[in-house]
Amino acid sequence: MAPSNGQWDDAVRNYCENVLKVTDVAVVGDTTGYGTSAVVASVAAFKKEGANVTYQTQIDATQPDVTPDMLRMKNAGAKVIVVWSVSTGMEARLMNVRAALGWDVPIVGHPALGSGDVRQLLEKESNWEKVYMIGYASCSYDANGKLPPRTAAFVARLAGKVALDDTSLWWVASGKRWMRPARPRPMRSSGTGTVSGPIPAYSAPTRGRPSSTTVTRPSEVVMSQANSQKDGAFKLAPGYA
């Protein structure tokens, strides 16, 4: 039910190139396997589409001062910073140094950019401005502050039952979409420890069914304002119709 890394990468690249209209890009990640592979894939995709990757690097998530890295990105002429990391500490330091340098460029990338942990690590909450993270259209507030009708109804049903202020709404909605249709049709043992039917036979009822969240269509993967969380959902980033 979750999107692929490729869908995330496509959404970030589309936002940078077609919404922000920026092609001079710095791409950074942490030194984990994920951060390293994500940077390599992202850089290759940007270059394939003709973007100018002015700088790319891995940063140790425990590195206390990212000023040298940010200066290299700035001096290389980057107009946007793409970040692939789950380290909220590193991401907050990038935001703090960006502000200290007076460098007003967007930061775009991984959903961790919108984690509540980031707020606790910022020197000023204004440092969280112009930070855009991966999100989902079906779990996003529009320009009028409204969720899609089905999602709004779902959130209303969760009131008093699930605390949404410290989680992501799309995770909750995805879990509901997968499990609820399967409940009337429990899987049975064949007597040999194996399932008596293929998994698709049990998940088939979810196909084509309207849902609070859908992550199978590329257009559903969008960018959100990282500092706008409310009930687990975020505002759409600027530029979406």
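Residues being closer than 26 Å to Pro238 by Cα and not β-branched (Val, Ile, Thr) are represented in the stretch 62-72 by at least one member.
One line per residue, one yes/no per condition, for (1) at pLDDT 50 or above; (2) in a loop (DSSP other than H, G, I, E, B); (3) within 20 Å of the chain's Cα centre (by Cα):
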{"position": "Ala143", "(1), (2), (3)": "yes, yes, yes"}
{"position": "Val162", "(1), (2), (3)": "yes, yes, no"}
{"position": "Trp171", "(1), (2), (3)": "yes, no, yes"}
{"position": "Gly175", "(1), (2), (3)": "yes, no, yes"}
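Looking across the stretch 109-129, the residues that are surrounded by 19 or more Cβ atoms within 10 Å (Cβ to Cβ) and either in contact with a Cys (Cβ under 6 Å, 6 or more places away or on another chain) or under 16 Å from Ala61 (Cβ atoms) (or both) come down to Gly109, His110, Ala112, Leu113, Ser115, Val118. Beta carbons closer than 7 Å, at least 6 apart along the sequence or on distinct chains, pair a first residue in the stretch 131-151 that is under 12 Å from Met223 (Cα atoms) with a second that is charged (D, E, K, R) and modelled with pLDDT of 90 or more for Ser140/Lys235; Tyr141/Lys235. Taking the criterion of being closer than 14 Å to Gly109 by Cα, without any contact (Cβ under 8 Å) to a residue 40 or more places away in the chain and not β-branched (Val, Ile, Thr), the only residue of the stretch 28-44 that qualifies is Ala41. Gly89 meets each of the listed conditions (1) closer than 22 Å to Lys21 by Cβ; (2) in contact with a helix residue (DSSP H, G or I) (Cβ under 7 Å, 6 or more places away or on another chain); (3) of a type outside the set (A, V, I, L, M, F, W, C) apart from (1). Looking across the stretch 39-65, the residues that are of a type in the set (Val, Ile, Thr) and in contact with a Gly (Cβ under 7 Å, 6 or more places away or on another chain) come down to Val39, Thr54.
The set of residues in the stretch 58-73 being in contact with a helix residue (DSSP H, G or I) (Cβ under 6 Å, 6 or more places away or on another chain) and among the β-branched types (Val, Ile, Thr) consists of Ile59, Val66, Thr67.
The values are calculated or read from the model by the stated rules, or taken from the named source; none is laboratory data. Quick caveat: nothing in here was measured; it's all calculated off a predicted structure. When we count neighbours, we look across all protein chains shown, and the Cβ atoms used for this are built from the backbone with ideal geometry, even at glycine.
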